[in-house]
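Notes follow the structure.
Nothing in this text is a laboratory measurement; each read-out follows from the coordinates by a stated rule. These numbers were taken from a predicted model, which means no experiment stands behind them. All Cβ positions, glycine included, derive from the backbone under ideal geometry; neighbour counts span all protein chains shown.
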Amino acid sequence: MDAVAVVTRLVAVDAGSSSRDEIVAVLRDVTSCRNWLTAVEVACQSRLEELAEGDPAVNPDADNAAATNRSQRAGQAASRRARAARSAPEFEQRMAAGDLSGEHLDAFIAALAGMLAAARPRLAAVHARLAELACRMTVEEFREQLRREVASIEADDGRSRLQRQTTATRLRQWTDHRTGMVHLAGQYDPESGLVLASALQQRLEASFHAPHPPDAPDDPMEKQDFLRAHALLSLIRGEGRGSGAPEFIVVIDEETLLHGRHATSRVDCGRGIHLPVATIRDMAGRARFVPVVIDRHGVVIRQGRPVPSLEQLRDSLTTPVALQAGRSRRFATRHQRRALRAMYRRCVIPGCHTHVSKTEPHHLIDWDHGGHTDIELLLPVCKHHHDVLHARSWCLTLDQHRRLTITIRDGAIVMTTGPPADQWA
Ligand SMILES: [Zn+2]
Ligand SMILES: [Zn+2]
């Protein structure tokens, strides 16, 4: 990367009068430049670490924090990057070329830290290939890639990892003497985390429908945090209904459930949580199973009622549930929501990464215009896109394999998507 050329272009930017394409080009420059700056910082931090070996007055973490007006914690993070870059030099080089961010490197550091010490060199050994892949991936995609790499190195479907995660479960509590506020910060292994997060979410959703306390903040993010804090209190006090076992949905294909992972396994616990198949299988007896039959396009063909054991799955399919409610119900039924969850992973709008568990069923034909609440006419869309498509009167159509076409009012096709199976590829 020619840093001088990039900076020269950035200095000349007039954002106020730029077109969309120009802005996109500027944002690319900003990103390259930021990545390059991170590489410079990493190199400097490495040098500080080197100097510290011969000079006790040099304190890399504190020197970084003081020079950058950041916390000691930020200084420590910079040192971690510097140490990681030494064992994975390709990351630093690609960062200096502007192609890879500090967050990608952080994801690599976190993946290494989550592994058994004995297995770490095997991930470090393939760092050059990973750095190359990372250049074409968002940080989220790269984390997912790393998770797969670690799983293939450990080759036990995450069981030893879950074991380590379980040992690493912590809850810290302290009082901030400046503000007088009591703080809690916890980290939980995915299995307990799923239970905890689901219980909180359930309580939180219940509180959305109740009248909000008058002192709730207006800012939507702040308000969410405020309500979550109260949801925890209400859980602990055992208030309200639904204090029983929390509900969460795990989507898993039959082959994987019975015989373990294969090339096209579908396992989705939501919330970015990953559980070993063995752990999911162990939920039998504590969980209920819903059989959903899909075709090769990922479109639901038949669905049964929830049953308490794996043995009853097939029986449940002999009396399938109705996935068409016609005009008898305005809102999607529980069965329809499950069918959508089994078919899709994300909001259907192309490029949207909102998980299907956080979507709302949308009627292809508006209820007020005579639309039916039938599975063929329901689509999962996130809150944001739901608002957008109603406000702008986008027209959505599905073909028999649920390939989606979006047209705007003047008939121009905005985008199309493949069948739901594509979301799992
Ligand atoms: Zn809608
Ligand atoms: Zn969306």
Seminar exercise, completed: Between residue 374 and residues 5 or more places away or on another chain, the pairs with built amide H atoms under 5 Å apart involve 325, 326
Exercise. Anyone know which of 318, 179, 38 comes out most mobile in the 10 Å Cα GNM of the chain?
Worked result: 179
Problem set entry | Approximate spin-label separation residue 113-residue 224, in nm, with each point projected 7 Å along Cα-to-Cβ | 2.4
Exercise. Taking the radius of gyration and the Kirkwood hydrodynamic radius from Cα positions alone, what is the Rg/Rh ratio for the stretch 56-194, to two decimal places?
Worked result: 1.02
Problem set entry | Tail weight of P(r) past 18 Å, computed on alpha-carbon pairs of the stretch 246-304, percent | 36
Exercise. Once label points are set 7 Å from the Cα along Cα→Cβ at both residue 383 and residue 265, what is their separation, rounded to one decimal in nm?
Worked result: 3.3
Problem set entry | Percent of alpha-carbon pairs separated by more than 21 Å within the stretch 334-424 | 23
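Given a cut-off of under 8 Å on Cα pairs at least six residues apart, what relative contact order in percent is computed for the stretch 329-397?
Details: 84 pairs, mean separation 21.8, N = 69.
With pairs under 8 Å counted, the relative contact order is 32 percent.
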Exercise. Counting only residues 5 or more places away or on other chains, whose amide H sits under 5 Å from the amide H of residue 362 once H atoms are built in the peptide plane?
Worked result: 379, 381
Seminar exercise, completed: Counting only DSSP beta bridges with both partners in the chain, the antiparallel fraction in percent, to the nearest 5, comes to 95
For this session: Compare 115, 221, 283 in a GNM of the chain, Cα atoms joined below 10 Å, and give the one with the largest fluctuation.
Result: 221
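Given a Förster distance of 51 angstrom, what is the FRET efficiency for residue 210 paired with residue 44, based on the Cβ-Cβ distance and rounded to 0.05?
Details: r = 53 Å, r/R0 = 1.03.
The value I calculate is 0.45.
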Exercise. Once both labels are modelled 7 Å past Cα along the beta-carbon direction, what's the residue 172-residue 390 spacing in nm?
Worked result: 4.2
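In which sequence would 254, 92 go, from the one with the fewest C-beta neighbours within 10 Å to the one with the most? Show your work: numbers first, answer last.
Details: 254 15, 92 22.
Ordered by Cβ neighbours within 10 Å, fewest first: 254, 92.
List 410, 189 from most exposed to least, where exposure is judged by having the fewest other Cβ atoms within 10 Å.
On the way: 410 5, 189 18.
Ranking 410, 189 by Cβ neighbours within 10 Å, fewest first, gives 410, 189.
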Seminar exercise, completed: Connecting every pair of Cα atoms under 10 Å apart in the chain and solving the GNM, the largest mean-square fluctuation among 160, 19, 46 falls on 19
For this session: Could you compute the FRET efficiency for residue 155 and residue 312, with r as their C-beta to C-beta distance and R0 at 51 Å, rounded to 0.05?
Result: 0.95
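Return the calculated 222 nm mean residue ellipticity for the chain, to the nearest 500 deg cm²/dmol, obtained by summing -39500 (n - 2.57) across DSSP H runs with n ≥ 4 and dividing by the residue count.
Helices in the chain give a 222 nm mean residue ellipticity of -14500 deg cm²/dmol.
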For this session: Output the relative contact order of the chain, whole-number percent, from Cα pairs under 8 angstrom with separation of 6+ residues.
Result: 7
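Based only on other Cβ atoms within 10 Å, what is the fewest-to-most ordering of 227, 10, 171? Don't jump to the answer; show the numbers that get you there.
Values: 227 21, 10 13, 171 9.
Lowest to highest Cβ neighbour count: 171, 10, 227.
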Problem set entry | Hydrodynamic radius of the stretch 174-229 per Kirkwood, over alpha carbon pairs, in Å | 13.2
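Using the Kirkwood radius built from alpha carbon pairs, what does the Stokes-Einstein equation give as D for the chain at 37 °C and 0.692 mPa s, in µm² per second?
Working: Rh = 25.4 Å.
Stokes-Einstein gives a translational diffusion coefficient of 129 µm²/s.
Using a Förster radius of 25 Å, what is the FRET efficiency between residue 284 and residue 164 based on their Cβ-Cβ separation? Nearest 0.05, please. List each step's numbers first, then the result.
Details: r = 25 Å, r/R0 = 0.99.
Calculated value: 0.50.
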